[in-house]
Each structure stands twice: as C-alpha cells, then as structure tokens.
Amino acid sequence: CCCTLANKILMVLFMVLLIFATLFGNLVTLAVVLGTKHFHTPQGYLKASLAVADLAVGIFVVPLSVYAEVYLMVTDSAPEWTSYNSQSVSFHPCNIIGPIFAGCTLVSITTIFFLTIERSIAVLRPLHKDSVITRKRTTILIVLSWVGSFFLAVCPIVFSSEIALEYNSCSRMCNYALGTIGKFPSQAWNILLLFPAFDFTLLGGTVVINIISLSSIRQHSRRRKHLAESESQSTTKPTFSDIKAAKTIGTLTVAFTVSFTPIAVFVVGNVLGNKWCNFSFFAFWILATNSCWNVIIYSVRDQKFRLRAQ
C-alpha cells in the first residue's frame, strides 16, 4: 500500500487533526455533561461513557499510528516493532493498542444501544421512565458494558494461539491477524467473525428500536395537531425534550452504522482471503473519525448542550 511523500504528509496531517478534534470534542462533552446539573441523568451518564471511549481512541490509538508513520518518513524505515507480530516477542505495543481500539468500539456500540433503549422507554412509556431508568441501574449497565466489551476484545488472543496482533502497513493501525499459520483455520475464522456478528446484532437491534420510537413520535405529532392544547400536554405523552433526544440518538445510530459498515465488510472479506489494502485504510480510519462526530451531533441537535458548550 504505497503512496507518494505528499500523500504520506497529508495522511499524517489528517491523523494529527483527528487527534486534536477527538480530544477537544470529547473533553467538551465531558465538561458539559459532568459540569451541568441538567445533564446529571441516566442519558448524561451514557453520553459521558461514550465520550470516554472516544477519548481513549484519541489518546492511545491514533498517536501510535502517527508515531509509526512519522518515524517511517524521517528515517526511511519503519520502527522495528512493526516488522513482527505479538507472537514473536513478550511485549508488543499492539498488545495494548489493539484491544483498546476494539474494546472502545464495542463500548460505543453498546452505549448507543443503551441510549436507544433509554429513549424508547421515555417515548413509548413516559409514565414508567423515572421508575425503570435510574442512575444506579444506568451506572451498573455502563460498568458491565466496559467489562464485557474489553473481555470480548481480548478473546481472540487469549483463546486462540492462531491469532496475533500486528501493526498493519495497509490500515496503519494495530489489527488482529494470523500468527505463523499460512491458511486461515476454522477456529480463528469463527473467533474473528464474533466482532462483526456482535456489532451488527446490537446495531440491528438499535436500528429497529429507533424505527419503533420514531414511528411513535410521528404518530404523536400527528395526534397533537388535532388535539386541544390541554390534552396534548397530558403526562401520558412524551415530552418535547424526550422526543428531541430520541431523534438525536437516532442520528448517532445512523452515523455509527455508516462508519462501522466498511470495517465489517473488510473483516468478512479478509476472512475469505481478500487483502483489500487501500480499502482497509479507509475502513479503519472512517471508523476512527466517528470518535469526534458525537459532540458535533449533540451541538447541532441539542440547544441546551450547545449553549452550555459556548
């Protein structure tokens, strides 16, 4: 996956800008959510968890890629650790960075799923929202999502001796790959497919729930046009803020689905024996850019967040 010096400079510039955008956007999100009493809610806790996962990508994952590419441009040779995988040495940087990227991606998907569930209850069962969705239950779910996601992220290298982590010269990231085995064994094939299977199961469920919630919102909006003002404000109806938040979560779901789909296509293609070098670069970095989109979506969709951020 070769490119000219100008393209390499543009690529590193893109990575550096992505680091700053990710750090700035998610630090603003955390400052707004944690520093404003209005956002000390189950939804706010979930947004904070999502921001921490995205922040970890900007702190750990992208800087390693920047270091490797800058080192290559300056010395005209790649860092020594990029020439072997995690099975060859006792310690490899990708042993840490690879699971962090995979784990944070899984945390993001799980958190968006929880946000969708929380908003669907607020829209479909507004009277039960406060009793069903509590800060304690939300905190427990957040902890479980982090533990479960990182457990799943390390499963390939813990439960299979055929899978290693390496710095891929195509994607410019730490990826799961075969160790010293020439052909793809069925066990490794099944383990690596756990990622797209798990992710698309959650994303599929998230999309379905969003469709149900948005359909209910549309029906409510139609009814509200024909009802008297007093009846339209009945407590059995979702509030305007709940409706607005549900639409925001729907936008988050669409953005993450679009950014994750190329990765799923690449993993399946890689399992089938396709290299797709250039495609792998775009797939992984499209997913990485999703780490700085959330604050933009919040700013556009949530007026209170926008005002607080200013």
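The values are calculated or read from the model by the stated rules, or taken from the named source; none is laboratory data. Because the structure is predicted, anything quoted here is derived from the model rather than measured. No Cβ is skipped: glycine too gets one built from the backbone with ideal geometry, and neighbour counts run over all protein chains shown. In case anyone asks, the SASA skips ligands and DNA or RNA and just uses the protein heavy atoms, side chains included. Shrake-Rupley method; radii C 1.70, N 1.55, O 1.52, S 1.80 Å.
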Can we say Thr261 is surrounded by 15 or more Cβ atoms within 10 Å (Cβ to Cβ), part of a helix (DSSP H, G or I) and free of Cβ contacts under 8 Å to residues at least 12 places away in the same chain?
yes
For the list (1) free of Cβ contacts under 8 Å to residues at least 60 places away in the same chain; (2) in a helix (DSSP H, G or I), I need the number of the one condition that Asn95 fails.
(1)
Which numbered condition Leu17 fails, given (1) open to solvent by less than 50 Å² (accessible area, probe 1.4 Å); (2) farther than 30 Å from Val132 by Cα; (3) at pLDDT 90 or above:
(1)
List every residue pair whose Cβ atoms lie under 7 Å apart, where the two residues are 6 or more positions apart in sequence or sit on different chains, the first residue falls within region 112-128 and is farther than 17 Å from Leu202 by Cβ, and the second residue, located anywhere, is among the hydrophobic types (A, V, I, L, M, F, W, C) and at pLDDT 85 or above.
Ile121/Val132; Ile121/Ile133; His128/Ile121
Among Val62, Val28, Val32, Val57, which is the only one that is in contact (Cβ under 8 Å) with a residue 40 or more places away in the chain, over 19 Å from the mean Cα position of the chain (by Cα), in a helix (DSSP H, G or I) and surrounded by 13 or more Cβ atoms within 10 Å (Cβ to Cβ)?
Val32
Need the failing condition index for Pro185 against (1) modelled with pLDDT of 85 or more; (2) open to solvent by less than 50 Å² (accessible area, probe 1.4 Å); (3) out of contact with any helix residue (DSSP H, G or I) (no Cβ under 9 Å at 6 or more places or on another chain), just the number.
(1)
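Any residue that is part of a helix (DSSP H, G or I) and at pLDDT below 85 - is there at least one of those in region 142-153?
No, region 142-153 contains no residue that is part of a helix (DSSP H, G or I) and at pLDDT below 85.
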Among the numbered criteria (1) farther than 27 Å from Ile286 by Cβ; (2) at pLDDT 80 or above; (3) touching a Lys or Arg at 6+ places or on another chain (Cβ under 7 Å), which single criterion is violated by Val158?
(3)
Taking the criterion of being more than 30 Å from Ala245 (Cα to Cα), open to solvent by 40 Å² or more (accessible area, probe 1.4 Å) and touching a Gly at 6+ places or on another chain (Cβ under 6 Å), would at least one residue in region 66-85 satisfy it?
no
Check on Thr111, buried (at least 21 other Cβ atoms within 10 Å of the Cβ) and in a helix (DSSP H, G or I):
yes
(1) touching a Gly at 6+ places or on another chain (Cβ under 8 Å); (2) of a type in the set (S, T, N, Q); (3) in a helix (DSSP H, G or I); (4) open to solvent by 60 Å² or more (accessible area, probe 1.4 Å) all hold for Ser161 apart from (3)
Residues in region 226-238: is at least one of a type in the set (Ser, Thr, Tyr), modelled with pLDDT of 80 or more and closer than 30 Å to Gln303 by Cβ?
no
